[in-house]
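The values are calculated or read from the model by the stated rules, or taken from the named source; none is laboratory data. Here the structure is a predicted model, which is why all the values come from computation and not from measurement. We place every Cβ from the backbone using ideal geometry, glycine too, and count neighbours over all the protein chains shown. Side chains included, ligands, DNA and RNA excluded: accessible areas come from the protein's heavy atoms. Shrake-Rupley method; radii C 1.70, N 1.55, O 1.52, S 1.80 Å.
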Amino acid sequence: QVQLVESGGGLVQAGGSLRLSCAASGSISRINAMAWFRQAPGKQRELVARITSGGSTNYAASVKGRFTISRDNAKNTVYLQMNSLKPEDTAVYYCNVDDSDYSRRYGRYWGQGTQVTVSS
């Protein structure tokens, strides 16, 4: 099972940008889908963006048009470019494998995530 470490979070003003990185300890080239999730205080974790090995992407309606997920299999890294940030984007952001078969085999474990705080 790959180990994932998120980075790139920070404090930004509304309208600003951040790029989050998710570094994997092992190869992600054979993993069909990787995703970014976030969890705000008092709320459930939600899917933010998803990308398949073929490059197909999906986004939560709240971030579509503002966020872009990408993956670099050669670097075993997944990115989340966040533009036009809003205060409601404030949350801890996590990356993870988003594949049911993979999860059944290895389980789903969450790292520490990276904090994104957007001031108004």
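Taking all protein chains together, Trp36, Trp110 sort by accessible area into Trp110, Trp36, largest first [probe 1.4 Å].
Using a probe radius of 1.4 Å on heavy atoms only, what accessible surface per residue do you get for the chain? Whole Å² is fine. Walk me through the intermediate numbers first.
On the way: 6430 Å² over 120 residues.
I get 54 Å² per residue for the chain.
Label sites at Arg66 and Arg19, each approximated as a point 7 angstrom past Cα along Cα to Cβ, lie 2.0 nm apart. Cross-link reach is defined here as a Cα-Cα straight distance under 16 Å, omitting same-chain residues fewer than 8 places apart; for Lys43 the aspartates and glutamates meeting it are Glu88, Asp89. Leaving out ligands, DNA and RNA, and with a 1.4 Å probe, what % of the accessible surface on the stretch 12-120 is carbon or sulfur? Carbon with sulfur: 43 percent of the solvent-accessible area. Label positions at Tyr106 and Gln44, each projected 7 Å from the Cα along the C-beta direction, are separated by 2.5 nm.
For the chain, the Kirkwood hydrodynamic radius from C-alpha pairs, put into Stokes-Einstein at 10 °C and a viscosity of 1.306 mPa s, yields a diffusion coefficient of 111 µm² per second. Structure remark: mean-square fluctuation, Gaussian network model of the chain, C-alpha springs under 10 Å; the largest value among Tyr109, Tyr93, Tyr79 belongs to Tyr109.
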